[in-house]
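Trainee: Before anything else, here's the structure in question.
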Amino acid sequence: MSIPHGTWMEPVAVSITTEAKVIAAANANRKALLIYNVGSVDVFFGLGGVTAATGIPLKVGGSLGLDPAFITVQAIYGITATGTADLRVLEVI
């Protein structure tokens, strides 16, 4: 992923459980986003109605980079099928 020019925000830790939770809040200025799963369970991500059955999987140890070609300014949510996941999120604005 090529990071566009912008301001890097401080990486944040986000815990995700079996109830959908915001991974990255809506941001009209977002240029890129990096999500890394440092936890012990898979995370499924999507928009507000995401479920473990409908979300896009982010496996343990996996990362997701959204660059300008794929970025959304909408809030991105995550959920697990079981347990608690530990994510690190870096946003470029």
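The values are calculated or read from the model by the stated rules, or taken from the named source; none is laboratory data. All values reported here derive from a predicted model rather than from experimental measurement. With ideal geometry, Cβ positions are generated from the backbone for all residues, glycine too; neighbour counts draw on all protein chains shown. Note: areas computed on protein heavy atoms with side chains; ligands, DNA, RNA excluded. Shrake-Rupley method; radii C 1.70, N 1.55, O 1.52, S 1.80 Å.
Trainee: When the residues of the range 34-44 are narrowed to those that are within 20 Å of Ile93 (Cβ to Cβ) and open to solvent by 30 Å² or more (accessible area, probe 1.4 Å), which ends up modelled with the highest pLDDT?
Mentor: Tyr36
Trainee: Please tell me if Lys31 is modelled with pLDDT under 95 and surrounded by 14 or more Cβ atoms within 10 Å (Cβ to Cβ).
Mentor: Considered against the rule, which asks whether it is modelled with pLDDT under 95 and surrounded by 14 or more Cβ atoms within 10 Å (Cβ to Cβ), Lys31 comes out as yes.
Trainee: Among the numbered criteria (1) surrounded by 13 or more Cβ atoms within 10 Å (Cβ to Cβ); (2) part of a loop (DSSP other than H, G, I, E, B); (3) not hydroxyl-bearing (Ser, Thr, Tyr), which one does Val89 miss?
Mentor: (2)
Trainee: Just the residues that are assigned to a loop (DSSP other than H, G, I, E, B) and open to solvent by less than 40 Å² (accessible area, probe 1.4 Å), please, taken from the range 66-82.
Mentor: Asp67, Thr72, Ala75, Thr80
Trainee: Turning to a different aspect of this structure: May I ask you to list pairs of residues, at least six apart or on different chains, whose Cβ atoms are under 9 Å apart, with the first in the range 32-54 being without any contact (Cβ under 8 Å) to a residue 24 or more places away in the chain and aliphatic (A, V, I, L, M) and the second being in a strand (DSSP E or B) and open to solvent by less than 20 Å² (accessible area, probe 1.4 Å)?
Mentor: As it stands, the answer is none, since no pair meets every condition given.
Trainee: Ok, one more. Which of the residues that make up the range 69-82 are touching a strand residue (DSSP E or B) at 6+ places or on another chain (Cβ under 7 Å), in contact (Cβ under 8 Å) with a residue 60 or more places away in the chain and not polar (S, T, N, Q)?
Mentor: Once the filter is applied, which keeps residues that are touching a strand residue (DSSP E or B) at 6+ places or on another chain (Cβ under 7 Å), in contact (Cβ under 8 Å) with a residue 60 or more places away in the chain and not polar (S, T, N, Q), the range 69-82 yields Gly78, Ile79.
Trainee: Looking only at residues that are closer than 19 Å to Glu91 by Cβ and part of a strand (DSSP E or B) in the range 45-61, which one is farthest from the chain's Cα centre (by Cα)?
Mentor: Residue satisfying both the conditions and the ranking: Ile56.
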